[in-house]
There are 4 protein chains.
Amino acid sequence: MPIELKEQVLEANLELVRSGLVLFTFGNASGIDRSRGLVAIKPSGVSYEQMNSEDIVLVDMDGNIVEGSLKPSSDLATHLLLYKEFPSIGGVVHTHSEFATAWAQAGRSIPPYGTTHADYFYGEIPVTDELTQEEIEGDYVLNTGKAIVRRFRNIDPLATPAVLVAGHGPFAWGTTAMSAAHNAVLLEAVARMAYHTTTLNAACTPISQPLQDRHYYRKHGAKATYGQGS
Amino acid sequence: MPIELKEQVLEANLELVRSGLVLFTFGNASGIDRSRGLVAIKPSGVSYEQMNSEDIVLVDMDGNIVEGSLKPSSDLATHLLLYKEFPSIGGVVHTHSEFATAWAQAGRSIPPYGTTHADYFYGEIPVTDELTQEEIEGDYVLNTGKAIVRRFRNIDPLATPAVLVAGHGPFAWGTTAMSAAHNAVLLEAVARMAYHTTTLNAACTPISQPLQDRHYYRKHGAKATYGQGS
Amino acid sequence: MPIELKEQVLEANLELVRSGLVLFTFGNASGIDRSRGLVAIKPSGVSYEQMNSEDIVLVDMDGNIVEGSLKPSSDLATHLLLYKEFPSIGGVVHTHSEFATAWAQAGRSIPPYGTTHADYFYGEIPVTDELTQEEIEGDYVLNTGKAIVRRFRNIDPLATPAVLVAGHGPFAWGTTAMSAAHNAVLLEAVARMAYHTTTLNAACTPISQPLQDRHYYRKHGAKATYGQGS
Amino acid sequence: MPIELKEQVLEANLELVRSGLVLFTFGNASGIDRSRGLVAIKPSGVSYEQMNSEDIVLVDMDGNIVEGSLKPSSDLATHLLLYKEFPSIGGVVHTHSEFATAWAQAGRSIPPYGTTHADYFYGEIPVTDELTQEEIEGDYVLNTGKAIVRRFRNIDPLATPAVLVAGHGPFAWGTTAMSAAHNAVLLEAVARMAYHTTTLNAACTPISQPLQDRHYYRKHGAKATYGQGS
């Protein structure tokens with residue numbers, strides 16, 4: 001089971017490269033095996049070209065290395081906190097993808113300007129508050145996770161599977177590591193469209209709540225009508 | 001004949017991928033055999049890499065499946081209405097291509113800023129009205145088609161073979177499925193240029209009517225002078 | 001000699017494709033053999049994938065076909081006028097490349113915002129006046145050439161080897177067909193940078209005349225210091 | 001040793017091509033062997049496709065050719081001055097990469113809008129003053145270097161390994177030629193994100209000093225926690 005998890009996490013990391021979301025060693029994906037309490041995560045600063053599943057680091061929920069000879073991603077503490085606080089998720093991805101990062105740097109949540117957004121993200125994709133000096137100089141990586149969790153106090157993380165960390169960049173998640181990677185790709189596509197929308201029409205408002213509901217529930221929930229599910 | 005139609009529709013769907021207009025399973029193309037009253041359309045939520053002509057679903061004009069084991073695209077009802085209301089068209093394509101979608105989200109029709117536009121689209125590429133709550137919560141996919149048809153009350157659909165559905169994205173059409181796909185590609189190119197034009201010069205106005213006429217009729221109609229036609 | 005010219009013109013047309021400047025059958029390149037008074041030009045509306053040197057059409061200075069079974073580019077009359085009026089040029093290229101066309105549609109000349117521009121284009125890249133209704137409804141393609149020539153009354157065409165036709169797109173030229181194609185590629189790169197420059201700083205002014213002179217004459221003229229020339 | 005240096009410099013030049021930073025023969029990379037006082041640099045105006053390590057020119061600190069049959073890059077004097085004035089650097093790269101050049105042409109330093117910037121560049125990426133007419137008409141290439149050095153009077157060049165030359169484009173550097181090339185790639189990525197950030201939010205301010213410090217020192221200095229270093 002841990003071997004299979006490491007392969008899933010490797011594939012999710014490589015999906016980020018294939019989709020053009022990462023440059024050099026930017027970005028990281030992880031996945032969790034909740035029955036064993038183990039998280040598999042990309043090693044820190046290793047090139048994607050050379051990475052294989054043996055390089056994926058296996059840690060317990062306290063961040064202790066259980067398997068692997070490399071150091072885990074320096075963002076590990078954020079991943080672990082998201083797994084603890086969002087029990088429904090199975091994978092987490094962090095990138096500095098271009099347009100999602102631009103919205104994060106601009107300190108703006110991404111409004112649901114259209115149905116592409118509504119198909120995958122329920123409501124706006126929120127931006128966190130900026131971290132305080134104390135949070136930055138303290139346990140910074142953990143505090144980044146805490147800022148995300150605070151922002152999601154009244155949001156279902158699987159309905160809105162991404163966040164923009166202010167002045168930093170996006171985190172996305174999903175039921176598996178690969179689903180988290182796909183959500184990171186969809187987030188970037190939505191962020192690009194939203195950028196061009198707001199620069200075409202600065203007064204643009206979100207689509208109506210009924211249209212948001214229609215599209216979201218078309219792809220999600222018991223009454224979904226999209227795809228080949230029965 | 002239905003087999004050939006399915007291959008044409010497969011090719012039109014793959015053209016969308018080759019041209020970079022679709023991400024994951026976004027988008028769908030269909031074609032009609034008017035002599036038999038049959039429409040061939042992409043299945044819902046199937047990956048383009050794995051799709052072959054056997055996966056293309058054949059339906060009658062009421063949407064009943066005539067051939068195929070997969071569910072048709074969830075946008076089927078929009079396609080069928082367009083075939084019924086626009087008797088001159090033979091193919092329909094729907095995408096969420098980046099710049100056409102940005103104009104649709106911004107709620108702006110694309111003005112004919114230049115001859116690239118005028119060569120392929122006569123007049124502006126119109127944006128529909130937003131659907132009402134009643135239309136969204138009713139037969140939404142059919143009502144999307146109705147909003148398009150209302151917008152084209154005084155427009156020849158083959159002269160202006162594309163529309164922007166407000167808050168959603170573009171539909172394009174043509175005499176065949178492949179012609180519809182080409183028009184979707186041309187629409188995206190025109191939408192990109194128009195975006196950069198209006199952000200360079202917010203006061204930019206359309207080219208003159210004589211210039212629009214000159215370019216449109218250079219490529220279309222009895223007096224066309226472009227290409228190798230006699 | 002005509003065979004070699006046709007191969008050069010084929011290569012220049014393919015360079016436009018390789019550089020991403022053309023979509024479908026957009027664009028055309030030609031070259032002239034002044035000793036024989038013959039121009040080789042892309043055929044109209046033929047796909048680049050299938051084109052070979054036999055398809056290139058050879059015409060005399062009045063546009064009569066001397067060799068070739070296909071119709072020449074519908075822009076032929078513009079090319080011929082430029083060869084007649086600009087005796088120093090040996091090749092002409094027309095594209096609808098994205099950013100150069102956006103400037104043409106916006107009706108704005110491209111200011112020399114930096115040394116990339118100054119290395120290849122002396123002074124601004126000018127936009128023509130819009131054609132009048134009479135010019136459009138008359139010999140439109142020839143009149144497009146006349147509008148270009150009028151705009152260059154006091155400009156050396158080899159020092160500024162490109163123009164933006166208002167509401168239409170760019171023409172570029174050079175000493176050979178391939179040089180014209182390279183200038184079309186450089187124009188698009190300069191147009192992209194200038195777009196991002198003016199949207200970053202709407203008040204941006206051209207670089208100083210001494211800097212323009214320094215860069216232009218570094219690559220051109222008797223005192224050029226760039227490259228491996230003696 | 002000089003042979004190895006030439007291969008390093010060749011690889012750094014090719015990295016610029018692989019990363020999409022250069023068009024035609026734009027751009028140049030060099031590296032220094034400080035123990036021998038020798039600099040290896042790209043030849044002027046030679047195509048990257050044909051370049052091999054034998055074409056890399058070896059010069060002494062006065063610019064005299066020590067090895068090689070080609071002329072060195074026309075920007076050599078800038079490179080040499082940077083090596084003399086910044087004793088900690090081992091490689092220099094000059095490009096006209098699209099977004100970094102747009103900021104240089106707009107005359108704007110790139111503010112540290114986010115942690116992607118802060119991970120690699122400490123503080124803003126500064127733009128130089130414009131050169132005076134006297135500087136341009138005098139020893140222009142050397143004076144370009146002097147303008148850079150003046151701008152870095154109070155900046156550690158290895159902490160902020162890039163500059164924007166006003167109206168021209170970026171120079172980047174690093175401990176080796178390849179490190180300089182990587183910094184040029186990172187600069188372009190940061191410049192793209194910053195462009196989209198400032199056009200999304202014209203009032204956007206830099207991230208806080210504590211956050212800049214946290215990210216910069218996470219990857220640099222004795223307490224670095226990123227990567228696989230012990």
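The values are calculated or read from the model by the stated rules, or taken from the named source; none is laboratory data. Computed from a predicted model, the values in this text were never measured in an experiment. Neighbour counts run over all protein chains shown; Cβ positions are idealised from the backbone, glycine included. When the accessible area is computed, the model is the full protein with side chains, heavy atoms only, and any ligands, DNA or RNA have been set aside. Shrake-Rupley method; radii C 1.70, N 1.55, O 1.52, S 1.80 Å.
Summary table
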item	result
Among A:209-215, D:162-168, the order from most to least packed when residues are scored by Cβ within 10 Å on average	D:162-168, A:209-215
Burial order of peptide ranges C:101-107, D:185-191 (average beta-carbon count within 10 Å, highest first)	C:101-107, D:185-191
Average beta carbon contacts from partner chains per residue of A:183-193, 10 Å cutoff	3
Peptide-level mean, for C:103-112, of C-beta atoms on other protein chains within 10 Å	5
Carbon/sulfur fraction of accessible area - segment A:79-230, other protein chains in place, 1.4 Å, %	50 percent
Distance-filtered residues of segment A:94-114 - backbone nitrogen under 14 Å, label point 7 angstrom along D:T205 Cα→Cβ	A:107
For the protein assembly as shown: rounded, prolate or oblate by the Cα gyration tensor [a/c cutoff 1.5]	oblate
Most fluctuating residue given options C:L23, C:L82, C:L58, as computed from a GNM of chain C linking Cα atoms under 10 Å	C:L23
Sparse-neighbourhood loop sites, GluC sites (Glu not before Pro) in segment A:19-96 - DSSP loop, at most 11 other Cβ within 10 angstrom	A:E49
Radius of gyration, Dmax [chain B; alpha carbons; angstrom]	17.3, 53
Charge dipole (debye, nearest 20) of segment B:2-219; +1 at Cβ of Lys and Arg, -1 at Cβ of Asp and Glu	660 debye
Positive-end extreme of charge dipole, segment D:2-219 - chosen from D:M178, D:N13, D:S30 (charges on Cβ)	D:M178
Per-residue average of Cβ from other chains inside 10 Å of D:196-207	6
Set of lysines near B:K223 by C-alpha distance (under 30 Å), chain-local residues within fewer than 8 positions excluded	B:K84, C:K6, C:K42, C:K71, C:K84, C:K146
Of all DSSP beta bridges in chain A, antiparallel share, percent nearest 5	95 percent
Mean Cβ count within 10 Å, highest first, over the residues of peptides B:216-223, A:113-120, B:70-77	A:113-120, B:70-77, B:216-223
For segment C:159-230: rounded, prolate or oblate by the Cα gyration tensor [a/c cutoff 1.5]	oblate
Karplus 3J(HN,Hα) series, Hz, for segment A:34-41 with 6.51 cos²θ - 1.76 cosθ + 1.60 (x for Gly, Pro)	5, 5, 9, x, 10, 10, 9, 9
Inter-site label distance for B:K84 and A:K223 at 7 Å from Cα along Cβ, in nm	2.3 nm
Amide H partners (placed H, <5 Å) of C:S73, local residues excluded	C:K42, C:S44
Assigned charges on the beta-carbon of Lys, Arg, Asp, Glu; segment B:90-230 dipole about Cα centre (debye)	620 debye
For the protein assembly as shown, size of Cβ-based charge dipole, Lys and Arg +1, Asp and Glu -1, in debye	1100 debye
Chain B - accessible surface per residue (Å², probe 1.4 Å)	37 Å²
Cα gyration tensor, segment D:84-123 - rounded (a/c under 1.5), prolate or oblate	oblate
